[in-house]
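Below: the structure, in structure tokens.
Since every read-out is calculated from the coordinates, none of them should be taken as a lab result. On a predicted model such as this, the values are computed, not experimentally measured, just so you know. FYI the Cβ positions are ideal-geometry reconstructions off the backbone, even for glycines, and counts take in every protein chain you see.
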Amino acid sequence: MRISAESEQESCQKPVDKYIEYDPVIILIDAILCKTQAFRHILFNTSLTIHWKLCVFCLLCEAYLRWSLLDSSEQSSDPADLIRYTKEWEFYDMFALASLELSAFCGGVLLFVWLVVVRLQRKSVEPALLLKALLLSCYGKVLLIPTVIWEHDYSPLCLALIKLFVLTSNSQAIRVILNSSRRLSLLSIGVGLLSETCVAQACSSLPWGFRDLLSLEGL
């Protein structure tokens, strides 16, 4: 349900959603700070439809990070090498793996919410809106690119902090959509992480990759 700008509380005579009158830059800053009301404004009172585009861009960022770590020992400082490396199939392997892990994470969260909130608590949840919230709250993965470009000794710590920031944003998004406690949102994130880890372990144990599948299809 959208909150109208004219809607006012009888007690304080102020707009229900203060961010309607705020500059988009301030809203973005508050969203980066993981403020619940900022998330609520973005998810309910705006008509953003960029979650799929943002999802693809974040997957590309994550695939580039994994690919760069995979080929870090073979890269050189020659700018011409970048064109050659982007043609390597390992990048598509990493993109496919990142896509599978994100699908497992979102699937685990949606399954947990369906079992606990819909089946046990008898509450209604819009799966499409919850999925949109999860995808939009992954915007922190964009920070992976500068981490790779400005590589230094603290890169592992930066990557861990980025992962924590993304999970925190996911948790806030779930709280806003479900209007639930922090405990329920953290449990949802935990189930999603468990699903993501299981898929990652299963894929790492496979003796073939995306390029091998393409070669088998060409036979």
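At a Förster radius of 22 Å, what calculated FRET efficiency corresponds to the Cβ-Cβ distance of VAL56 and ARG183, to the nearest 0.05?
0.10
Which three lengths, in whole Å and largest first, does segment 122-206 cover when its Cα atoms are put on their principal axes?
49, 30, 22
Run the numbers for VAL25 and LEU70: contour at 0.36 nm per residue of separation, minus the present Cα-Cα distance, in nm.
12.6 nm
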